[in-house]
Amino acid sequence: MSSAEPLSVAPAVTRPATTESAIVRVLLIAVAVGFVALFLILPLVAIFAQAFERGIPAYLRAICDPEALAAIRLTLWTAALVVPLNALFGLAAAWAIGKFTFRGRSVLITLIDLPFAVSPVIAGMVFVLLFGQRGWLGPFLQAHDIRIIFAMPGVVLATLFVTCPLVARELIPLMEAQGTEEEQAAAVLGARGWQTFLRVTLPNSRWGLLYGLVLCNARAMGEFGAVSVVSGHIRGVTNTMTLHIELLYNEYNTTGAFAVASLLALLSLVTLGAKSVLEWKAPRPRPGIRRRQRQQP
């Protein structure tokens, strides 16, 4: 009997991903493009068209109004405070949930998702019941001359509550998919906990962290419901850009309202561009796909 003959390998059969006809695919693409154009692009075009309807001088006067500038400053300061705090919370929560097994882990995940289930208006009312003049902590705060509701701290707290799950929810699936093999190898080599986190865990999660920060910043600048309850709508003091837009529109100052709205839309477009750049530089497959790839021989 002759020596073992080489096995012939049959060529792989390429199958189409879907069986729909070309007409169906074109129709689906047309529906998607039409939906995006009707509900996303046209409103943006209308905002900028209304903002510049009376010319550039009127637009600049609306943007340079002292109350508008105060609203812009408050929005930017709120985002500047909320985003780093959410980064710290998201990293800590994702590290604990993604890298360790402990009792109450599912409860912690549920609590992190709580702001997604609660209406922002209800969240604002909760802070009023806690820190308001007649709230649980109201007498103590009033006795020590500490103002939270109808002041900047209330705006920051409400925005922080609404945006707190965003960074954590981006990092938790990523850290779970990465596993703990590299951390265990670092521990075997003598690395301490903080050294492992700074040199192994954080670099592996940096793109997910940046992506979560972009989403958090976009939500912080555009928040309306919770901030509307705790701000008190004080002109030039507690009105954010969204509240200032509503105030101007209710006063039939459409030029001023759309001018500030165009600036907020421009900030949103910049945020969307940063999100697209992050997705392009660091495409992240879903954890389920990554697990299946690891299980393949």
Residue within the stretch 127-149 that is within 24 Å of the chain's Cα centre (by Cα) and of a type outside the set (V, I, T) present: yes
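Within the stretch 223-245, which residues are assigned to a helix (DSSP H, G or I) and either closer than 19 Å to A62 by Cα or modelled with pLDDT under 90 (or both)?
Keep residues of the stretch 223-245 that are assigned to a helix (DSSP H, G or I), which gives 225-231, 241-245.
Matches in the stretch 223-245: M241, T242, L243, H244, I245.
Would you please name the residue that is surrounded by the most Cβ atoms within 10 Å (Cβ to Cβ), looking only at residues in the stretch 113-143 that are among the β-branched types (V, I, T) and touching a residue at least 60 places away in the same chain (Cβ under 8 Å)? Outline the logic, then answer.
Quick first cut of the stretch 113-143, residues among the β-branched types (V, I, T) only: 118, 121-122, 126, 128.
The next check asks that each one be touching a residue at least 60 places away in the same chain (Cβ under 8 Å); those that pass are 121, 128.
On the way: V121: 13, V128: 20.
Applying the filter and picking the extreme gives V128.
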Filter result for the condition that a residue is surrounded by fewer than 20 Cβ atoms within 10 Å (Cβ to Cβ) and either closer than 30 Å to S262 by Cα or in contact (Cβ under 8 Å) with a residue 40 or more places away in the chain (or both), over T180, T163: T180
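Among the residues in the stretch 199-213, are any among the charged types (D, E, K, R) and more than 30 Å from A94 (Cβ to Cβ)? Walk me through how you get there before you give the answer.
Step one: list which residues in the stretch 199-213 are among the charged types (D, E, K, R), which gives 199, 206.
Remaining after also requiring more than 30 Å from A94 (Cβ to Cβ): none.
Scanning the stretch 199-213 turns up no residue that is among the charged types (D, E, K, R) and more than 30 Å from A94 (Cβ to Cβ).
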Which listed residue, of L171, L111, is in a helix (DSSP H, G or I) and closer than 22 Å to A226 by Cα: L111
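Name every residue in the stretch 142-156 that is touching a helix residue (DSSP H, G or I) at 6+ places or on another chain (Cβ under 6 Å) and part of a helix (DSSP H, G or I), in order of residue number. Let's see the steps before the verdict.
Going through the stretch 142-156, the residues touching a helix residue (DSSP H, G or I) at 6+ places or on another chain (Cβ under 6 Å) turn out to be 148-149, 154-156.
G154, V155, V156, listed by residue number.
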Unique match (being under 30 Å from E53 (Cβ atoms) and buried (at least 19 other Cβ atoms within 10 Å of the Cβ)) among A226, A168, A218: A218
Answer from L74, L81, L108 - the residue that is among the aliphatic types (A, V, I, L, M), surrounded by 13 or more Cβ atoms within 10 Å (Cβ to Cβ), within 30 Å of W194 (Cβ to Cβ) and more than 17 Å from the chain's Cα centre (by Cα): L108
Candidates R199, R206 - the one that is surrounded by fewer than 18 Cβ atoms within 10 Å (Cβ to Cβ), more than 28 Å from A70 (Cβ to Cβ), out of contact with any helix residue (DSSP H, G or I) (no Cβ under 8 Å at 6 or more places or on another chain) and of a type in the set (K, R): R206
Candidates T254, T196, T242, T238, filtered to the one that is polar (S, T, N, Q) and out of contact with any Leu (no Cβ under 9 Å at 6 or more places or on another chain): T196
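The values are calculated or read from the model by the stated rules, or taken from the named source; none is laboratory data. Just so it is clear, the model here is predicted, and its values are computed rather than measured. FYI the Cβ positions are ideal-geometry reconstructions off the backbone, even for glycines, and counts take in every protein chain you see.
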